[in-house]
Amino acid sequence: MIRTIEVVTRKRQEFVDITGAVQAAVGESGVAEGVAYLYCPHTTAGICVNENYDPTVAEDILHKLEELVPVGGPYRHAEGNAAAHIKSSLMGVAHPLLVSGGKLVLGTWQGVFFCEFDGPRRRKVLVQVLADKG
């Protein structure tokens, strides 16, 4: 079964911590051991796993991405969101996460983030949890 996590973003570019929502989807699945597959069906957003203890880490990542791929760059894409498409490609739109004991396997400081690059918008992340058959 595929579960949907709704994400409401409030800024043009931001990281939204969705760790709790992903863990809830894992819990609802009833899977004790397996893999949770996350998928972002948007071309101007992405998913990443990084530190969620200190919010300045996400700010630093967004700042560096803006330096590398500025919103106002010289792009041919006419909609004005070419930078968002590029950032989405750099971050990626899919992420597998291990599940053990019915919980996400994450490092001490790790969290799961929805990466918005063309907000504010209503978005979604799809989660499918598959059980280990071994």
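The values are calculated or read from the model by the stated rules, or taken from the named source; none is laboratory data. Keep in mind that this is a model prediction, so the values were computed, not measured. No Cβ is skipped: glycine too gets one built from the backbone with ideal geometry, and neighbour counts run over all protein chains shown.
Structure above, values below:
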read-out	value
Exclusive hit being of a type in the set (A, V, I, L, M) and farther than 23 Å from Glu6 by Cβ, set Ala58, Ala84, Ala32	Ala32
Boolean, Val8 is among the hydrophobic types (A, V, I, L, M, F, W, C), over 12 Å from Cys115 (Cβ atoms) and under 16 Å from the mean Cα position of the chain (by Cα)	yes
Yes/no for Ala84 being more than 14 Å from Arg123 (Cβ to Cβ), small (Gly, Ala, Ser), modelled with pLDDT of 95 or more and outside any strand (DSSP E or B)	no
Test: residue in the stretch 68-82 that is touching a residue at least 60 places away in the same chain (Cβ under 8 Å) and polar (S, T, N, Q)	no
Single unsatisfied condition, Leu65 versus (1) in a helix (DSSP H, G or I); (2) touching a helix residue (DSSP H, G or I) at 6+ places or on another chain (Cβ under 8 Å); (3) farther than 18 Å from Met91 by Cβ	(3)
Residue in the stretch 33-56 that is loosely packed, with under 14 Cβ neighbours inside 10 Å, modelled with pLDDT of 95 or more and not in a loop (DSSP other than H, G, I, E, B) present	yes
Residue in the stretch 119-126 that is loosely packed, with under 12 Cβ neighbours inside 10 Å and under 20 Å from Ile18 (Cβ atoms) present	yes
Checklist (1) over 19 Å from Ala21 (Cβ atoms); (2) exposed (fewer than 13 other Cβ atoms within 10 Å of the Cβ); (3) hydrophobic (A, V, I, L, M, F, W, C); (4) modelled with pLDDT of 95 or more applied to Ala78, failing item	(4)
Flag for Val16 being buried (at least 19 other Cβ atoms within 10 Å of the Cβ), part of a strand (DSSP E or B), at pLDDT 95 or above and β-branched (Val, Ile, Thr)	yes
